[in-house]
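We did not get these values from a lab; they are worked out from the coordinates using the rules stated. A quick note: this is a predicted structure, and the numbers were derived from the prediction, not measured. Here the Cβ is made from the backbone with ideal geometry for all residues, glycine too, and neighbour counts use every protein chain on show.
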Amino acid sequence: MRNTIANLELFRVDPDTTEVVPLLGLPIMAGFPSPADDFVEAVLDLNKELVRFPESTFLGRVKGDSLRDLDIEAGDVLVVDKLLRPDLSAVRETLQKKPGYRRKPQLIVCWLDGGFTVKMVKLFPTRCLLYSANEAYPPIIVTAENEFILWGVVTYVIKKTY
Amino acid sequence: MVGLCDCNNFYASCERVFDPSLRGKPVVVLSNNDGAVIARSNEAKALGIAMTAAAFELEPLFKQHNVQVFSSNYTLYGDLSNRVMMVLARWAPKVEIYSIDEAFLDLAGLPDVEGYTRQIRQAVVRSTDIPVSIGVAMTKTLAKVANKRAKKDPACGGVYVLDSPEAITEALSTFEVGDLWGIGHQYGSRLRALGVLTALDFRSLSPAWVKKNMGVVGERMQRELLGYSCLPLELIVPNKKVICSSRSFGQMLTDPRPVEEAVANFAARVAFKLRRQKTVCRVITVFLQTNFFRESDAQYSNSITLQLPVVSNSSMVLIGYAMLGLRRIYRAGYRYKKAGVLVSEICPETQMQLGIFDASDPRQSKVMQVMDGLNNRYGREKVRVGKQGFGRAWKTRQERLTRCYTTRWSELVEVS
């Protein structure tokens, strides 16, 4: 079902699907095709939209308010992909709010000294800086002394809005 | 060429995915009921911790070396296993899932098989954080040999291609005959008694002798070691011939109630597995036993096998017959440690042969369909048969269980 309300297109979402990647080359049942097949309207699959690589995608839940300025709050669900390579170049430009700079900062889930944290990460030759999006949280300096792993890249933030 | 991809110390590696601070530390995973060691990280192996060692005997060692000990979290391991297999399926046209942590890959016709295999390995590691070793060779049996080298020799970087005749001969000359895939304990010791110590010794035996003494299995194995593939990839997993659900209880049970509840849950689990593979069963067995390791206790064990009048995969029907069977073998006055339900004579739903006078009740399958649908949406066993109850007395002990990070909304990783 597709409605148009003002400038917003609404699609019917089918929440019941789970994406299945063909795994074993199992034979696909071939029966009589349904005469309705040609007329089925697009059903959108949230899994396909939010999960590009199901094998490397994990979900996380946000704690605390360190990303407040990005409208990311406690309880939001993060879709995290481990396969994507973190892009560590976009941070400074975003933070400095360069005019005309439109790129979103990449959020990275990091393992830092015994816990997961989601931050914007900037790499320097001997250390790296982890930025929050809340002035109450100054940047964290990470050196070789820390236990630090770039764990995955946040691809979507899912939030409840009612 | 065929590849064998094997996850290194799989269960221990799974625990590290969501707790990277465990990297480099000794990690062990315990069996159901936290009884015995069933997985060890390399660091734990280096401490001399043996497979199947009893956990309580190792407590002092665990303390002394700060060994990280976990209950087995099969939900997590199963999910990560699926992910590893999905990555492999992206890279290889055919994948045979051999076990929870092993798969054979079709790597035929690649110009640079080693380079490609290294890419596969990297993709698995990057996607899942699970380290794997991949051995590649002309046959499955040789791929197993190559895999061992890939895992043991750090110079291999997790990948070893065993292709030239010289390399094969060299590898087989140091490979113990008993470690060959499919040799088994019995043939292993018989061959050693005859002075056949290595895989190369075995390959050099006269084919006639092997066929006479070890049958077609031995013959195949020998040909595989010579590079002739006799075991193609098995892509379609045949339906299981027997399905069993059984657990040791977390504590000894002296009351009939929790035993009934446990058996009802085992029956429900088995029925669910039957439905999942679209099969039905004709025969159900219930068994029950006390703890044989406690010699001071009075011992009792018994089992009963019932033939169903009509084949079924309904939780309600199977629980009904399981209760009937249990009542016949249950004796009061014992301390029970373990029970289980096993079904056999399994056939596809579509081949269901109805008895003339006792046709299966079509309402059963409707109810089960609705129940499975609800449970699929709202979580495992949210809707259950009353007899399953909610008691926990019989539940397995899992005192050091990590969270089901990937399968439960309430147990997601928390990031701050």
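Computed quantities for the displayed model
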| item | result |
| --- | --- |
| Shape call, the stretch B:32-126: gyration tensor on alpha carbons, a/c limit 1.5 | prolate |
| Charge-dipole axis of the stretch B:31-148 as Lys and Arg at +1 and Asp and Glu at -1 on Cβ define it, positive-most pick from B:Thr117, B:Ala89, B:Ser41 | B:Thr117 |
| Pairwise FRET efficiency - B:Val217 versus B:Leu306, Cβ, R0 = 35 Å, nearest 0.05 | 0.50 |
| Likely footprinting exposure, B:Met252, B:Met1, fewest C-beta neighbours within 10 Å first | B:Met252, B:Met1 |
| Unit charges on C-beta of K, R, D, E only; dipole of the protein assembly as shown, Debye | 980 debye |
| Neighbourhood net charge (10 Å Cβ-Cβ; Lys/Arg +1, Asp/Glu -1) for A:Glu145 | -1 |
| Dipole magnitude of chain B, debye to nearest 20 (Cβ charges: Lys/Arg +1, Asp/Glu -1, about Cα centre) | 1140 debye |
| Length gained when the stretch B:Thr254-B:Asp179 is fully extended (0.36 nm per residue, less Cα-Cα span) | 22.6 nm |
| Which of B:Asn376, B:Ala339, B:Met316, positive extreme of dipole for the stretch B:284-415 (C-beta unit charges) | B:Ala339 |
| The stretch B:121-174, dipole about Cα centre (Lys/Arg Cβ +1, Asp/Glu Cβ -1), debye to the nearest 20 | 240 debye |
| Length added when fully stretched, B:Arg23-B:Thr169, from 0.36 nm per residue minus Cα-Cα | 48.9 nm |
| Protection proxy ranking, peptides B:313-324, B:222-233, B:297-308, average beta carbon neighbours within 10 Å, highest first | B:313-324, B:222-233, B:297-308 |
| Local net charge near A:Ala133, Cβ-Cβ under 10 Å (Lys/Arg +1, Asp/Glu -1) | -2 |
| Rounded Å value of the spacing that divides the Cα centres of the stretch B:131-181 and the stretch B:279-325 | 44 Å |
| Dipole-positive endmost among B:Tyr300, B:Ala271, B:Gly78 within the protein assembly as shown (Cβ charges, Cα centre) | B:Tyr300 |
| Value of Rg to Rh for chain B (Rh from inverse mean 1/r over Cα pairs, i.e. Kirkwood) | 1.00 |
